[in-house]
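Enquirer: Got a structure for you, written out below as structure tokens; questions coming shortly.
What follows draws every value from the coordinates through simple rules; no lab data is involved. What you are looking at is a predicted structure, and each value in this text was computed from that prediction instead of being measured. Please note: Cβ atoms are built from the backbone with ideal geometry, for glycine as well, and neighbour counts cover all protein chains shown.
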Amino acid sequence: MKIEKLLRKNIAALKPYSSARDEYTGEARVFLDANENPFNQPYNRYPDPLQREVKAKVSKLKNIDPGKVFLGNGSDEPIDLLIRAFCEPGTDNIVTIDPTYGMYQVAAEISGIELRKVPLTPDFEFDPKALLETCNAKTKLVFLCSPNNPTGNSLGKNSIVDVLQNFGGLVIVDEAYIDFAPGKTLLSDLDNYSNLVVLQTFSKAWGMAGIRLGMAFASPEIIAVLNKIKYPYNLNILTQQKALELLNQNEQVEEWVGLLIEEREKMAKKLQKLPFVVQVYPSDANFLLVKMYDARGIYEYLADNGIIVRDRSKVNLCDNSLRITIGSESENKILLKALKNLIS
């Protein structure tokens, strides 16, 4: 796939801003190039614009070449950058599944890009033929969230591969919840499909939603485009420092993931036993989608008791459903106790 054919013409011709830290890397005794204040070290210095140290650790952890890694301000940044780089406002379109993560639509609308939705089947899978038929010559990007939000299920790999092989634009697979679905990542397929972009995040399994750090993995050509149009210092020094600290604690993260998967299975069984619960849908994520009678009333009851879940009842295929995040064992017990009180 030739990236140049997909890129907006103005992006292809763009000369990126060159920061002081882009022009010099390495060690020096005195930095007088970036108009920084000499006091309050190390926070007086601009951060590494390409986050080389963090990328080195990420690439080792993921077994991916550093040249295939982009780090952004949450996954929302690469989502926005991909749309701005490849989609011409008022002309091009994006295709995604429905229901799915809402930021694809928000980012598309901000950029003036049409978003076309392909409804999932009743079992929350997507039909690759229907998706490809929804695409046309002006479709530049396809977004697939797997495990999907808010449904929780992983999309079939064969269906994703079908799209990768038959779509002429970029296929972005958002794997925000992939750590809770062992063995289902598409990272190892990057070398097989030049149009594949995989998104992951430090917000879920890594417990770092507060530092806003997302990852995009793709061919070096696509990564170069993202680096070309991002803001020069998109990740601050505090985010980079905290990421480096946590990347040295991978065993702790694996323990957290194991505990959350165990709690997810326990919660699914206990919730299903409640008389007002219609169905607890299978999940590969750190949440459960639960269909129940009077979901809105139960949502408001829980909120009145200081327990916040997400009402997804107005989302396609999620009528009368609450999305419940898997918390700690003690938090989950508080939720279950409150729900059981509805029975008595």
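Enquirer: Applying the Karplus parametrisation 6.51 cos²θ - 1.76 cosθ + 1.60 with θ = phi - 60° to the phi angles of segment 5-12, what ³J(HN,Hα) value in whole Hz is obtained for each residue in order, glycine and proline being reported as x?
Expert: Ordered by residue, 3J(HN,Hα) equals 6, 8, 5, 4, 4, 5, 6, 4 Hz.
Enquirer: Which order do Phe217, Phe276 fall in if you start with the one that has the fewest other Cβ atoms within 10 Å?
Expert: Least crowded to most crowded, the residues run Phe276, Phe217.
Enquirer: I've got another one for you. Size of the dipole of segment 55-164 about the Cα centre, Lys and Arg at +1 and Asp and Glu at -1 on the beta carbon, nothing else charged, in debye to 20?
Expert: The calculated dipole for segment 55-164 is roughly 560 debye.
Enquirer: In Å and whole numbers, how far do the C-alpha atoms of segment 190-344 stretch along each principal axis, longest first?
Expert: 59, 33, 29
Enquirer: Then there's this: Normalised radius of gyration for segment 185-249, please: alpha carbon Rg relative to 2.2 N^0.38 Å, two decimal places.
Expert: Cα-based Rg divided by the globular estimate yields 1.24.
Enquirer: Using the count of nearby Cβ atoms within 10 Å as a rough guide to exposure, how do Ser328, Ser203, Ser75 rank from fewest to most?
Expert: In order of increasing Cβ crowding within 10 Å: Ser328, Ser203, Ser75.
Enquirer: Continuing with this model, one more query. Hey, rough spin-label estimate for Ala303 and Asn158, points 7 angstrom out along Cα→Cβ, what's it come to in nanometres?
Expert: Going by the 7 Å Cα→Cβ label model, 4.3 nm.
Enquirer: Could you tell me which of the pairs Lys273/Lys333; Lys68/Lys230; Lys270/Lys333; Lys55/Lys140 are separated by over 22 angstrom between their Cα atoms in the structure shown?
Expert: Lys55/Lys140
Enquirer: Give the residues of segment 1-25 whose amide nitrogen is closer than 17 Å to a point set 7 Å from the Cα of Ser59 in the direction of its Cβ.
Expert: 25
Enquirer: Here's a follow-up. Which length gain, in nm to one decimal place, applies between Glu23 and Arg296 when the Cα-Cα distance is subtracted from 0.36 nm times their residue separation?
Expert: So the extension gain works out to 92.7 nm.
Enquirer: Here is a further query. Looking at the chain as a GNM with Cα springs under 10 Å, which of Asn93, Asn236, Asn286 has the largest mean-square fluctuation?
Expert: Asn236
Enquirer: For segment 251-340, would you read off the P(r) tail past 16 Å as a percentage of all alpha carbon pairs?
Expert: 51
Enquirer: Moving to a separate point now. What is the fewest-to-most order of Trp206, Trp256 by other Cβ atoms lying within 10 Å of their Cβ?
Expert: With the sparsest Cβ surroundings first, the list reads Trp256, Trp206.
Enquirer: Asn248 to Arg310: FRET efficiency via 1/(1 + (r/R0)^6), r the Cβ-Cβ distance, R0 41 Å, to the nearest 0.05?
Expert: Given R0 = 41 Å and the Cβ-Cβ separation, E is 0.80.
Enquirer: With a 10 Å cut-off between alpha carbons and a GNM built on the chain, which of Ala176, Ala303, Ala268 moves the most?
Expert: Sorting by GNM fluctuation, first place goes to Ala303.
Enquirer: Could you give the size of the charge dipole of the chain about its Cα centre, using +1 on the Cβ of each K and R and -1 on the Cβ of each D and E, expressed in debye and rounded to the nearest 20?
Expert: I would put it at about 220 debye.
Enquirer: With the cut-off at 1.5 for a/c, could you classify the chain from its C-alpha gyration tensor as rounded, prolate or oblate?
Expert: oblate
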